[in-house]
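Throughout, read-outs are computed from the coordinates displayed, never taken from laboratory work. These numbers come from a predicted model, not from an experiment. Here the Cβ positions follow ideal geometry from the backbone for every residue, glycine too, while neighbour counts run over all protein chains shown.
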Amino acid sequence: MTAMNSVLLSKPDLFSFKECLWFLDRNYDECLHHIDRNNNGISKAILLNDAEYVFSVSDSDKDLLVNIEHGKTGKKNIDMLSAYVREWFDMDRDLKLFYELLRQHKKLRYMATDFAGLRLMGIADLYETLCWCIIGQQINLSFAYKLKRRLVETYGMQIKTKESSYFIFPTPETLAQVSEEALRGLQFSRQKADYIIYISKVFSEGNMSKKKLLTLKTTEERKATLISLKGIGVWTANYALMKTLRDPDCIPYGDIGLLNALSGHGLIKDRKDTRSIEKLFGKFEGWKSYLVFYLWRSLAVPSFQTK
DNA sequence: ATCCAGGGGTCAC
DNA sequence: GTGACCCATGGA
């Protein structure tokens, strides 16, 4: 029997909370969650149905413990947060087939062991994902995280609990009203500032949403709809479909990290070797997004770093 | 100083 | 549809 402010989620097979946490804490200055290494857990603030919550997820043997730290409690709310966590950690997917495919590949089979249980960590909110992509376009990740922190701490909602302080990503309504100059003051380039403000207007005026995108049936239609927006190119569209809509077969073509991982494994000759890329991913039908994610994970393995 | 970083837009062919 | 070129900004 659990209290009304917490619930246990049973871990699926091939699930490692530790691996997932590692990804969420890979030495970058992430401003949208707090990792607690001592307690082996993570906490985060979110907005659900216009209500704010701070919740934590921690390891509890064969389960994950989800606890409401701040906000409305009760069964309905804890159920909603449970669903959020299951989605975030991609807990409802059976990775068995993916691991079978990995083990069939000489150069990649080590991943099934070394990264065992790593899940494709999602970003629930489409608007946040697109903003994050725009921020990250063509700059190094540590600077991208800096820009995101400035944006979030300047325009996001802050929630203070006894233990800590949390931020929620700014709303499109807020950022639609921000001036280009203000964002440039945060060291956004003119281009990034324009894209962010434009996307914010599109979302705040109701012309784009995750729900809207989900009404489109095919991946290609969804991709094309995203790309029709200024600032959203092939890379961003694929990234968003992969992280937010959880499309199983999206490859962010052109991604520098992906290319580095592929060449680090000796899987491609150069960045334009699209034939080899197609050939490799062709073997991972239904799991292309997962393969991309695992290749990103491999970038932290010293022997596969290109520098 | 120079090159690079989890791209995107534009324009010419 | 492909390729060349420009755009910005901090980090190494």
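Across A:N260, A:N38, A:N207, mean-square fluctuation computed from a Gaussian network of chain A (C-alpha pairs under 10 Å connected) peaks at A:N38. Taking only alpha carbon atoms, chain A gives an Rg to Rh ratio of 0.95, where Rh is the Kirkwood radius.
If you look at the Cα atoms of region A:192-307, you get an Rg and a Dmax of 15.8, 48 Å.
About its Cα centre, the dipole of region A:159-307 is roughly 220 debye, where the only charges are +1 on Lys and Arg Cβ and -1 on Asp and Glu Cβ.
Give the relative contact order (percent, whole number) for chain A; include only Cα pairs under 8 Å separated by 6+ residues.
15 percent
Please rank A:E163, A:E181, fewest neighbouring Cβ atoms within 10 Å first, as an exposure proxy. Please list the in-between numbers first.
Details: A:E163 13, A:E181 9.
The most exposed by this proxy come first: A:E181, A:E163.
Counting only the Cα atoms, region A:1-158 fills a convex hull of 139 Å³ per residue. All alpha carbon pair distances within region A:6-92 were sorted into 10 Å bins beginning at 0; the resulting P(r) in whole percents reads 17, 53, 28, 2. Exposure proxy ranking for A:C31, A:C250, A:C131, based on other Cβ atoms within 10 angstrom of each Cβ and starting from the fewest, stands as A:C31, A:C250, A:C131.
Convert 20 °C to kelvin, take the viscosity as 1.002 mPa s, use the Kirkwood radius over C-alpha pairs of region A:58-133 as Rh, and evaluate the Stokes-Einstein diffusion coefficient in µm²/s, rounded to a whole number.
Roughly 142 µm²/s, to the nearest whole number.
Considering only A:K18, A:K106, A:K230, the Gaussian network model of chain A with Cα springs below 10 Å gives its largest mean-square fluctuation to A:K106. Under a GNM of chain A (C-alpha, springs under 10 Å), which listed residue has the highest mean-square fluctuation: A:E205, A:E69, A:E128? For chain A, modelled as a Gaussian network with Cα springs under 10 Å, the answer is A:E205. Annotation: amide H of A:L48 within the under-5 Å range of A:Y53, sequence separation 5 or more or interchain, hydrogens built in the peptide plane.
Relative contact order for region A:69-151: 26 percent, from Cα pairs under 8 Å spaced at least 6 residues apart, divided by residue count.
Relative to the Cα centre, what is the charge dipole magnitude of region A:126-243, using +1 at the beta carbon of each Lys and Arg, -1 at the beta carbon of each Asp and Glu, and rounding to the nearest 20 debye?
For region A:126-243, the charge dipole is close to 240 debye.
In region A:6-160, taking the dipole from charged Cβ atoms about the Cα centre, the farthest positive-side position among A:C131, A:L8, A:V57 is held by A:C131. Legend: ranking of residues A:Y127, A:Y198 from fewest to most surrounding C-beta atoms inside 10 Å; resulting order A:Y198, A:Y127.
At a Förster distance of 45 Å, what's the computed FRET efficiency of A:D63 paired with A:D273, Cβ-Cβ distance as r, to 0.05?
Computed FRET efficiency for A:D63 and A:D273 comes out at 0.50.
A dipole drawn for region A:68-177 from +1 and -1 charges on Cβ atoms has a positive end, and of A:N140, A:A176, A:S82 the residue lying farthest that way is A:N140.
Cross-linked pairs A:K44/A:K146; A:K18/A:K243; A:K76/A:K148; A:K212/A:K243; A:K107/A:K279; A:K11/A:K283: Cα-Cα separations exceed 22 Å for A:K76/A:K148; A:K11/A:K283. Each Lys and Arg adds +1 at its Cβ and each Asp and Glu adds -1 at its Cβ; summed about the Cα centre, region A:6-92 shows a dipole of about 220 debye.
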